[in-house]
Structure formats: C-alpha cells, structure tokens
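Read the structure below first, then the notes.
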Amino acid sequence: MTANQEEAIYEFLDNAVEPFELDDIVNYVRKNEPSRVSHLAMEIAASINSRNLAFPVGENRWVSRRGFFQPLSFVISPTRLELLNGILIPGHRCVPFANAALLPQEYSFYWQGAIVPCTTSEGAPEEFYPFYAVFGEEYAPQYVARDNEVNEAAFNSDPYDDPAEVSVKTLDMRSMYREMAFVPGDRLAVRTLDWKTGAFSLAKIGKDQWSEAELQQWLDAAEEGFSRAFSNVGTASCTEEQLAYAYWYAPPRMRELPAYSLEEFLYQKTEKVETAAYGIESRFWYAGREIPDRKGLEGGSSNPDQTQVEQILRNCKIPVSEYVVQSYVRDALFRGETDASAVIERLAPPGIEINGRDWNTISFYIEDIFDEFRAYYSSFADTTMGPIRSRIAELHTAVISLAARLGKGDIDVSWLPRHTFIILSQIQSHTAYVLEDLNVDQSPPETELEVMDSSLDSMLETYEDIKELIDDALDSWRRNKLTVIRPGVNLAEVCEHLIQVSIGGVDVWRRIVVDENYTLNDLHRIIQAVFLWREMQDFTFVFDSGEKADGAMTIKNIQERNVSELRYEYGETWNVRIMLLSRHESPASKPVRCVAGAGAAPPESINGPLKFKRIVFALEGGNDVERLNARQELGAEFYPG
C-alpha cells in the first residue's frame, strides 16, 4: 500500500459508525488513492487484522473503535483534590472512549447542554502524573509536557529533571459541583457524544445510587474482559489497545452502567489485573504473573504490505521499513559517503548474514536511492538534522548488532537480564521511528529536534544500562561454564542448576545456583533466605498442571519430568514463579549462591502484591502521614530499590 492509501484507511475508520465489510473500505481507499490496487483488498484486510485497527464481527467484517465505543457510557470518579479545587482533570479518564489521536486537553465536555468552561491548574508535575498513569506510567511526563508549549519548553530545558512547576488544562467545575451538591464518593456518568472529536456529556451519580451488588457484577465482567484480552492480544501495542480489547472481549455487563471508573477498578478494586513491567514500558497483565520475554527483536506480526527489501531485512531480524533504509542513505550523504556497501554494513552490522542475491537486491535499491537523493541533497540544509540522525543511526546499528550476537545461540540466554529482548526491541523500534521522521528534506522545527535529541539521550542511557547488565550476566555465565579437570573427580556427579525465583505481582526476583540434588524443601529455605522471609506461613510447590509437588523431590527429579517451571505458594497471598533456566557441570560442590536479582522483597506480613505496591507508592510519594504509616508497614530498613 502507498502512504496515501494507509491514510485513507484511517480516515475511513475514524468516520465509520456502523459495521462495515471489506468491500466498503476497499472502495473508499480506491476512490481516494487509485494507484497500486492489484492486491489492495488482501493488504487492507491483513492490515486491519494484524494491527488490531478494528474489532472483527465476521469474515472480512468489522466494527470500528468509533462505532463500538460511541454509543457507550462510562464513569469518572473525581478525587478529593479535584473537589477541593473545583476542577476535573480529563487525563486518562476517557480512554478508550475517545479517539486515541487526541490529547486529553483537546476533549470537550458538556453539562445540561452547555459546554464546561476550562481553566488551568498549577503544581509540581508529580501531582498530575497519577491522572495520566493509565496511558503508562512512563508516558505520564510526556502527556503533562504536551499539555502546552510552556510545559514542553520546561521539560526540554533539562531532560534529566522535572520542572519545579507546570500548568495543566482542567475543567472548571466549581459551579457544577455546587449545583449538583457533589460530595466525595459521588461519581460522574459520562456519555460519548462524538468519539472522533472527543466530545462527552456529564451527569451526577450519587455515592449511594448504585448498590454494591450491581458494582460487583460490573467488576466480575471487567476482570473477565481483561483476562480474555490478555489471552487474545497479549501485551498489545500499548495500554490503550489493551483497554479497548478488554471492553470488546468482556461480557455485555462491562459496557453498561452501573460501573466503576477504570481508575477505581485498576488501582483499588481488582485483585486479578495489575500494572506490570514490560521492558522500559508498562502494560496491564494478570496479577502475580510476569510478562514473558521475547526471543528476538520481533515480537508481533509483520506488516502485511512489506516490500521485497523490507522482507529481506525482516528475515535477517532487522524489522525496519524502507523509510529507515532511506534515512541511512541520508546519513551516508551527511558523512560524505556514496558507497552502498557501507550503508548495508551499518544497516546489517557484522554477525548478520545476508546471502549474495539478497545483498544485491538491497544494494541496487540503495544505489537507486543515492541517485535520487544526490540530485538535490544539501549538506548545508542538513546541518541541524544530520548530527541527530547520525547518532540515532549509530544507536540503531548498535542495538541490531547486540541483538544479533545474543540470538546466535552461542550463549545461554537464560542468564540474560529480565526482558532483555523486549527492551532491545523497544529501543530499536523507537530509533527506527525517529529515523523515519528524519527521512525528510526540510528540517523539522527546532523544538521538535530538541525533543528528538532529549529522547536520544534517554535511549542511549537505557541502552548503556542494559548492555552493562548483559555484559555482567555473560561474564557470570562464562565463569560458571569454566571447568577445571581434577584427578578423581567425576563431573557427571556434580551438576548445578541456575534457577530464577520471581515474586508474582512485583518486580522482585533473584537468580540462584544450586546443586541439582537439592530438594524442594531445601529450595523453600533458600527462597526464604533470598527474600528475607521468616517461614511465618505455610507453603506449597505446585506444577502448572495444578498437581502439588512432593517436597522431597530434587531439582534433578523435576528436570527429568521435563518440567521447567513451577509455583511456590506461600500463605494465601504470595506466589513465587520458579524457572529452571539452565544446567551445567561443576568440578566440585559449591555453596548455594545468588548471582543476580532486583528489588527489595516485600515483608511477608503484607497482604499481597497490590497492597505492597500501594504502600511503596505511599512511601515514595504520599503525604507525611501516609509515609509514616508505610514505613511502619515496611520496616525501618526497607529500601525499595
């Protein structure tokens, strides 16, 4: 598909309010962009399905996000802070009921047929971050920064520190709160008037107007919807997509009132859904479970309309578009180079094999791009973009090279840091997007280049951090692989296992090396030691099948059953995931040792991971009383990192 055809697809979806068929959207796209139509129907269908652009309701039949969400209503629960100040912060409250292309400050709200006036609220950035957390906690600063130009300039002035104060556009609700006699616990029922433009109407729901039984029915339906969404779309491309598909897959009750607000559901009510680490991002996930890592840079389905060059590169584990290749060509011109081979070597660094035929195909393509660009390329005009593009390309090449080295099979990837490939994939995709943005003749505005430069600094820091962790892990792996042959030592009798234990629902884990003749009862005592627990609760080891494991079983017995994972259930609230990562021989018996890990373990007396995370949040960002109570719960020596 051409870029214009892709744009026509999105235009059609933004305007579709009724279910549509493949012929409907194909005819619309052809009318707007008639070129390249031979495989258009197949490409459009594949694009919609692979990118989750619309909800399927049959063979080649869908309903758009607008068509699905526009007739629905949802709930906002104003906080005490908002009631005290007579405001409402839209933030993430309308996700996924509004067009994802809109920013929260672009929404409009109506009460009794009149538009709600806007005002601004000032404060420290961290006061506003919770109102944008559903987008992903890591993206909250970006949403606050993009609220207005002053905020954006303040954030860009120092990429490592938040500004002391920001201003956020809010709804002026003073008169409405008075007229509605609004009190803490009351809710706002919100009806979507226009999904495309982000228009909504508000109505009051008294705190006792809905029964607990009605709200429990909604909660049960919501938990089922999220579970089905996780099973069908996994981590998705972003949290907004996860939320959209939770509503789609849920029983009809989730799409009806009475209901909780999403904030209430996610952060106060549910015990089955939580925010989980996903590389350098976050996603919603099953409470107590870890999101599994990828095995390479590509985690999702490939684009359905790839060109030959894109397909060759993707087969080489380089998931980029031709626009990225073209950006590499511009970088070569900026460097004063005109050799296609040099471009290919940066695009596909050493360690990535490209056969002769495919090499020639890419080379011919790059030479054509050189000929096209050389006719009008100006190094003088590229003085602002060129240095940033060059640094981004170098980082992209470094990530591709590192991922290729890790994926060759020469090492045991089970020793790598958690989510290694997810993090590398996220850096690769971000750098690729920036390279696409810099594949232009005219430089973007200076403010946009400053944002790119700040983003690059952040990505470089993340890359250096993960690379350091990878190097440390590989050093540990190599040291453990070294075997000294001594007379009379039978290596087959001394074997060790690398085991990872992760506390479900929190980002706390340890990697330990133990003799394979240790029993599960021994492993219980080791887990207690590495998490600083004191055996205050009962424990059980459980296989994925649900079968309880005998504590007398050895690690070797478990391996012989071809089991690589099991659970350690400690009390009623803590679940520890146990992964048998790798087995290696040792010349002599060694002590049990912890070789890697992260995070301070929660005290065993705390009632589960969600309670623990809320206490830690209060410790780090609460008021004086909340911090004091959190410190009493966690202990004087507790430090989350």
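The values are calculated or read from the model by the stated rules, or taken from the named source; none is laboratory data. In this text the structure is predicted, and so the values were computed from the model without any measurement. Here the Cβ is made from the backbone with ideal geometry for all residues, glycine too, and neighbour counts use every protein chain on show. Surface accessibility is based on the protein's heavy atoms, side chains included, excluding ligands, DNA and RNA. Shrake-Rupley method; radii C 1.70, N 1.55, O 1.52, S 1.80 Å.
Please verify whether VAL325 is modelled with pLDDT of 95 or more, within 17 Å of TYR433 (Cβ to Cβ) and β-branched (Val, Ile, Thr), treating the condition exactly as stated.
Yes.
Go through the range 139-171 residue by residue and tally those that are touching a strand residue (DSSP E or B) at 6+ places or on another chain (Cβ under 6 Å) and small (Gly, Ala, Ser).
Adding up the residues that qualify gives 1.
Looking at this structure, is LYS611 closer than 18 Å to GLU271 by Cβ, modelled with pLDDT under 90 and among the basic types (Lys, Arg)?
yes
Cβ-Cβ distance below 6 Å, separation of 6 or more or different chains: which pairs start in the range 428-442 with a residue that is over 17 Å from ARG314 (Cα atoms) and part of a loop (DSSP other than H, G, I, E, B) and end on one that is open to solvent by 60 Å² or more (accessible area, probe 1.4 Å) and aromatic (Phe, Trp, Tyr)?
Here the result reads ASN439/TYR323, each pair linking the range 428-442 to a residue that is open to solvent by 60 Å² or more (accessible area, probe 1.4 Å) and aromatic (Phe, Trp, Tyr).
So, in the range 334-359, exactly how many residues are without any contact (Cβ under 8 Å) to a residue 12 or more places away in the chain, touching a helix residue (DSSP H, G or I) at 6+ places or on another chain (Cβ under 8 Å) and in a loop (DSSP other than H, G, I, E, B)?
Count: 2.
Give GLU565, GLU572, GLU604 a once-over and let me know the one that is of a type in the set (Asp, Glu) and at pLDDT below 85. Before you say what the answer is, go through the steps one by one.
Working: GLU565 fails: at pLDDT below 85; GLU604 fails: at pLDDT below 85.
The match here is GLU572.
So ASN557 clears everything in (1) touching a His at 6+ places or on another chain (Cβ under 7 Å); (2) open to solvent by 40 Å² or more (accessible area, probe 1.4 Å); (3) at pLDDT 90 or above except one condition, right? Which one?
(1)
Can you pull out the strands (runs of 3 or more DSSP E) entirely within the range 170-282 that have at least 2 residues that are modelled with pLDDT under 95 and open to solvent by 20 Å² or more (accessible area, probe 1.4 Å)?
Because the criterion is at least 2 residues that are modelled with pLDDT under 95 and open to solvent by 20 Å² or more (accessible area, probe 1.4 Å), the strands (runs of 3 or more DSSP E) in the range 170-282 that meet it are 273-278.
Do you know which of the residues in the range 100-133 that are modelled with pLDDT under 95, out of contact with any strand residue (DSSP E or B) (no Cβ under 6 Å at 6 or more places or on another chain) and surrounded by 19 or more Cβ atoms within 10 Å (Cβ to Cβ) is farthest from LEU72 (Cα to Cα)?
PRO130
Take the range 312-326 and flag every residue that is open to solvent by 20 Å² or more (accessible area, probe 1.4 Å), within 12 Å of ALA348 (Cα to Cα) and assigned to a helix (DSSP H, G or I).
ARG314, ASN315
Has the range 376-397 got at least one residue that is farther than 27 Å from ASP453 by Cβ, in contact (Cβ under 8 Å) with a residue 40 or more places away in the chain and either of a type outside the set (A, V, I, L, M) or open to solvent by 60 Å² or more (accessible area, probe 1.4 Å) (or both)?
Within the range 376-397, not a single residue is farther than 27 Å from ASP453 by Cβ, in contact (Cβ under 8 Å) with a residue 40 or more places away in the chain and either of a type outside the set (A, V, I, L, M) or open to solvent by 60 Å² or more (accessible area, probe 1.4 Å) (or both).
Scanning the range 174-195 for residues that are of a type in the set (A, V, I, L, M) and under 16 Å from ILE89 (Cβ atoms), which turns out farthest from the chain's Cα centre (by Cα)?
That would be MET176.
When ILE392 is evaluated against the numbered criteria (1) in a helix (DSSP H, G or I); (2) farther than 18 Å from ASP441 by Cα, which criterion, by number, is the only one it fails?
Going through (1) in a helix (DSSP H, G or I); (2) farther than 18 Å from ASP441 by Cα one by one, ILE392 breaks only (2).
Take the range 1-55 and flag every residue that is of a type in the set (Ser, Thr, Tyr), open to solvent by less than 60 Å² (accessible area, probe 1.4 Å) and under 23 Å from ALA246 (Cβ atoms).
Taking the range 1-55 as the starting set, the residues that turn out to be of a type in the set (Ser, Thr, Tyr) are 2, 10, 28, 35, 38, 47, 50.
After this cut, where a residue has to be open to solvent by less than 60 Å² (accessible area, probe 1.4 Å) as well, the list is 2, 35, 47, 50.
Correct list: SER47, SER50.
Which members of the range 56-80 meet the condition of being free of Cβ contacts under 8 Å to residues at least 24 places away in the same chain and open to solvent by 50 Å² or more (accessible area, probe 1.4 Å)?
Applying the first criterion (free of Cβ contacts under 8 Å to residues at least 24 places away in the same chain) to the range 56-80 yields 56, 58-59, 79.
Scanning the range 56-80 gives PRO56, GLU59.
For the range 327-335, state whether one or more residues are open to solvent by 40 Å² or more (accessible area, probe 1.4 Å) and not aromatic (Phe, Trp, Tyr).
Looking through the range 327-335, at least one residue is open to solvent by 40 Å² or more (accessible area, probe 1.4 Å) and not aromatic (Phe, Trp, Tyr).
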